[in-house]
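The structure under discussion appears below in the form of structure tokens.
Values quoted throughout were computed directly from the atomic coordinates according to the rules given, and no laboratory measurement underlies them. On a predicted model such as this, the values are computed, not experimentally measured, just so you know. Note: ideal-geometry Cβ built from the backbone for every residue, glycine included; neighbour counts use all protein chains shown.
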Amino acid sequence: MASALTVLFLGCWLAGHSGVWGGREFLKPTVWVSPSRVVALGGSVTIRCAGRYPGMEFFLRKAGHPNPQVRTVPDGTVAEFPIPRVGREDGGSYTCDYRSITDQSRWSYPSDPVEIIVAEPSYPKPNITLLSPSGGVSPGGAVDVRCRGQHRGVRFVLNKEGRHFPPVDLDGFEAVFSISNVRREDGGSYSCSYYSKSEPFAVSYPSDPVELVVRDSAPGSAPTGAE
């Protein structure tokens, strides 16, 4: 059986080689790509990483690349990593995490991954439709967003500033993205795109935007404080 001293040295060695001393204690950040994860070669995108607390240093990590990009955000909770002219090498999977500026031993858990797909647009843009009650949806309600393309066997992505939706693989022409327990921040502009499932990728132009309206209250309900 290994001695306590051996276990201690092993733990320190692993911490040093992982690049993180101390504990993972902050909640994982949210990462998203604006305006879309599906981007034309030579276009521009910005990867944003949103934490929960101000005074953090953010690390953007690309799969297969040892050196992360770093942004210090003393005020606010969002770090921006712009890519002004996207090349094929910018495609791939990204995650981010953050640590305290004042105590660099305190780290967050890593974000969920987000993938950037880079290719020349060759598919026509899809149609996007909100399957919601007329006039919008109330907080706590549900809405479906339908994206319909012109090719089978593709992967659909839904784009919304500040949100990350996992892509949907389908054999048919359309995908439906369900948003349950709607919050006020779910309101806003949505678009969608689709692309082939294997390289070399073929991608669509993005759809026209559609606006989701989140109502203040359900129809017929009394406003807060009403008698």
Query raised in the report: What ranking do D90, D208 get, fewest neighbouring Cβ atoms within 10 angstrom at the top?
Result: D208, D90
**Report entry** Cβ-based exposure ranking for Y94, Y123, Y194, in which fewest neighbours within 10 Å come first
**Finding:** Y123, Y94, Y194
Query raised in the report: Once you sort the root eigenvalues of the Cα gyration tensor of segment 121-212 as a ≥ b ≥ c, which label holds: rounded (a/c under 1.5), prolate (a/b larger than b/c) or oblate (the other case)?
Result: prolate
Query raised in the report: Which pairs break 25 Å Cα to Cα here: K28/K197; K62/K125; K160/K197?
Result: K28/K197; K62/K125
Query raised in the report: Given charges of +1 on the Cβ of Lys and Arg and -1 on the Cβ of Asp and Glu, with all other atoms neutral, how large is the dipole of segment 121-212 about its Cα centre, in debye to the nearest 20?
Result: 40 debye
Query raised in the report: Taking Cα centroids, how far is segment 141-163 from segment 77-94 in Å?
Result: 22 Å
Query raised in the report: Nearest 20 debye, what's the magnitude of the dipole of segment 82-125 about its Cα centre given +1 on Lys and Arg Cβ and -1 on Asp and Glu Cβ?
Result: 120 debye
Report task. Of the options H164, V143, N181, report the single residue whose Cα projects farthest towards the positive end of the charge dipole of segment 76-227 (beta-carbon charges: Lys, Arg +1; Asp, Glu -1). Result -> V143
Report task. Fewest Cβ neighbours within 10 Å first, please rank H65, H151 accordingly. Result -> H65, H151
